[in-house]
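Scroll down for the structure; my scribbles are underneath it.
The values are calculated or read from the model by the stated rules, or taken from the named source; none is laboratory data. Treat the numbers as computed from the prediction; the structure is a model and nothing was measured. Here the Cβ positions follow ideal geometry from the backbone for every residue, glycine too, while neighbour counts run over all protein chains shown.
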Amino acid sequence: MLSREWKKSSYSGGSNDCVEARLGADGGVEVRDSKAPELGSLKFTPSEWDAFTAGVKAGQFRIPGPEQS
């Protein structure tokens, strides 16, 4: 669950090579690069974020490995 504080995935293992996300003031979601937060963030509406997370769960963004080409 997102909050107004920046959160890193629990899969990051504490490294700084991650994406961070937080709940935006307008109810949307902000995403930024944890190693370069000064570059700002990408902002998504709630419906854009829902569509993205549904696509991730459905495997739409998988990169095929050599055995899947």
Quiz item: Which residues, taken from region 14-69, are among the polar types (S, T, N, Q), within 12 Å of the chain's Cα centre (by Cα) and closer than 18 Å to Arg4 by Cα?
Solution: Ser34, Ser41
Quiz item: Quick one: in region 20-69, which of the residues that are touching a strand residue (DSSP E or B) at 6+ places or on another chain (Cβ under 8 Å) and among the aromatic types (Phe, Trp, Tyr) is modelled with the highest pLDDT?
Solution: Phe44
Exercise. Answer yes or no as to whether Asp17 is at pLDDT below 90 and either of a type in the set (Lys, Arg) or in contact with a helix residue (DSSP H, G or I) (Cβ under 9 Å, 6 or more places away or on another chain) (or both).
Key: no
Quiz item: Tell me, which strands (runs of 3 or more DSSP E) wholly within the chain include 1 or more residues that are in contact with a Leu (Cβ under 6 Å, 6 or more places away or on another chain), surrounded by 12 or more Cβ atoms within 10 Å (Cβ to Cβ) and of a type in the set (A, V, I, L, M, F, W, C)?
Solution: 19-23, 29-33
